[in-house]
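Have a look at the structure below before the remarks.
The values are calculated or read from the model by the stated rules, or taken from the named source; none is laboratory data. No experiment lies behind these values; they were computed from the predicted model shown. Here Cβ is always computed from backbone atoms with ideal geometry, including for glycine, and neighbour counts include all displayed protein chains.
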């Protein structure tokens with residue numbers, strides 16, 4: 001076998017806002033493995049400014065992987081543990097090499113016989129921009145919407161109020177994602193207001209690894225008293241070992257965790273988080289991390305075979321102007337695979 005990679009800069013159709021800033025482009029790397037006349041492809045979806053492996057030696061490690069592609073699989077897994085997005089791409093490429101075509105996890109989904117229910121994602125912006133996105137999602141048939149919040153809470157709260165006045169929780173599930181945008185005291189008041197609005201959940205209300213003066217986890221305090229379910233997202237990044245994962249969830253006791261394989265060690269890393277969460281009666285769902293259609297395809301196939309019970313945070317890559325071709329398509333709020 002031999003392997004190679006190339007960089008691809010994804011360009012947003014429209015600048016997309018989060019509490020961490022405005023996104024115009026997204027850098028990613030495509031890994032290809034060749035075995036005779038067979039090829040496997042995967043995406044090493046590094047997320048600059050967020051990924052644990054956003055380090056200067058990233059491409060050096062990609063070169064190392066290509067040079068050692070014939071090494072034992074478990075050896076590669078151990079060596080790439082500090083590079084979760086590279087391991088994610090490596091897993092994909094080997095699965096694709098095995099199954100061929102655009103397949104990673106063959107199932108009823110890839111046979112076109114079943115679908116995955118997803119939430120509609122609303123990006124930050126002024127109220128007119130956010131309301132326009134919401135109208136488009138509602139018109140498209142979504143009954144679960146996730147809004148990015150944490151920049152202008154007064155405006156964001158008014159948008160949520162309008163939505164809730166028009167659509168009761170039985171008709172529209174509302175999720176919010178703060179990306180760590182609130183301080184601890186502000187988060188407590190925001191949680192109370194979200195409860196009044198019957199919000200399903202909030203992702204990462206405060207920054208990951210926030211501690212008080214006694215070195216106690218502020219996220220654990222919020223989760224213990226919150227009137228609205230809290231989902232951990234960025235909190236999971238950089239937690240590499242099984243025992244560390246278990247300790248984190250036992251300490252914080254969140255209501256949900258958000259799984260982004262590109263950020264938390266690929267499919268195998270996500271499997272570990274899910275196994276621990278389910279033992280602790282913690283809910284979960286899977287969300288993309290701005291992958292190209294290559295990673296999104298693999299991610300959707302993985303998600304389906306985990307038998308999800310609630311809407312997932314996936315998509316079709318329509319955010320970008322220069323994406324790769326895809327087998328994924330949306331019908332209302334259901335994600336399908338076109339054979």
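Give, as residue ranges, the helices (runs of 4 or more DSSP H) completely inside the range 235-307 that count at least 3 residues that are free of Cβ contacts under 8 Å to residues at least 24 places away in the same chain.
Details: elements: 242-252, 261-264, 266-279, 293-305.
Output list reads 242-252, 266-279.
Just to be sure before I move on: is residue 129 assigned to a helix (DSSP H, G or I), surrounded by fewer than 23 Cβ atoms within 10 Å (Cβ to Cβ), over 20 Å from the mean Cα position of the chain (by Cα) and not assigned by TED's automatic domain parsing to the domain that holds residue 310 in the structure I sent? Step through it out loud before you land on a result.
Numbers: assigned to a helix (DSSP H, G or I): yes; surrounded by fewer than 23 Cβ atoms within 10 Å (Cβ to Cβ): yes; over 20 Å from the mean Cα position of the chain (by Cα): yes; not assigned by TED's automatic domain parsing to the domain that holds residue 310: no.
When the stated conditions are applied, residue 129 does not pass them.
Please verify whether the range 198-208 includes one or more residues that are in a helix (DSSP H, G or I) and either closer than 17 Å to residue 283 by Cβ or in the same structural domain as residue 82 (by TED's automatic domain parsing) (or both).
Quick first cut of the range 198-208, residues in a helix (DSSP H, G or I) only: none.
There is no residue in the range 198-208 that is in a helix (DSSP H, G or I) and either closer than 17 Å to residue 283 by Cβ or in the same structural domain as residue 82 (by TED's automatic domain parsing) (or both).
Search the range 224-234 for residues being under 26 Å from residue 92 (Cα atoms) and outside any helix (DSSP H, G or I), and hand back the single one that is nearest to the chain's Cα centre (by Cα).
Applying the first criterion (under 26 Å from residue 92 (Cα atoms)) to the range 224-234 yields 232-234.
Restricting the remaining residues to those that are outside any helix (DSSP H, G or I) gives 232-233.
On the way: 232: 11, 233: 8 Å.
Among those that are under 26 Å from residue 92 (Cα atoms) and outside any helix (DSSP H, G or I), it is 233.
So residue 210 fits all but one of (1) modelled with pLDDT of 90 or more; (2) surrounded by 21 or more Cβ atoms within 10 Å (Cβ to Cβ); (3) touching a strand residue (DSSP E or B) at 6+ places or on another chain (Cβ under 8 Å); what number is the exception?
(2)
In contact (Cβ under 8 Å) with a residue 40 or more places away in the chain and in contact with a strand residue (DSSP E or B) (Cβ under 6 Å, 6 or more places away or on another chain), is that true of residue 66?
Details: in contact (Cβ under 8 Å) with a residue 40 or more places away in the chain: yes; in contact with a strand residue (DSSP E or B) (Cβ under 6 Å, 6 or more places away or on another chain): yes.
So residue 66 passes the test.
Quick one: would you say residue 146 is more than 24 Å from residue 290 (Cα to Cα) and in the same structural domain as residue 333 (by TED's automatic domain parsing)? It would help to see each step written out before you state the result.
Working: more than 24 Å from residue 290 (Cα to Cα): no; in the same structural domain as residue 333 (by TED's automatic domain parsing): yes.
So residue 146 does not fit the description; no.
Restricting to the range 39-49, count the residues that are surrounded by fewer than 22 Cβ atoms within 10 Å (Cβ to Cβ) and more than 10 Å from residue 262 (Cβ to Cβ). Please lay out each step first, then the result.
Taking the range 39-49 and keeping what is surrounded by fewer than 22 Cβ atoms within 10 Å (Cβ to Cβ), we get 39, 41, 47-49.
Checking which are more than 10 Å from residue 262 (Cβ to Cβ) leaves us with 39, 41, 48-49.
Qualifying residue count for the region: 4.
What number of residues within the range 25-50 are without any contact (Cβ under 8 Å) to a residue 40 or more places away in the chain and either assigned to a strand (DSSP E or B) or in contact with a strand residue (DSSP E or B) (Cβ under 9 Å, 6 or more places away or on another chain) (or both)?
We begin by selecting, within the range 25-50, every residue without any contact (Cβ under 8 Å) to a residue 40 or more places away in the chain; these are 25, 27, 34, 36-37, 48-49.
Those left that are additionally either assigned to a strand (DSSP E or B) or in contact with a strand residue (DSSP E or B) (Cβ under 9 Å, 6 or more places away or on another chain) (or both): 25, 27, 34, 48-49.
Counting residues in the range 25-50 that are without any contact (Cβ under 8 Å) to a residue 40 or more places away in the chain and either assigned to a strand (DSSP E or B) or in contact with a strand residue (DSSP E or B) (Cβ under 9 Å, 6 or more places away or on another chain) (or both) gives 5.
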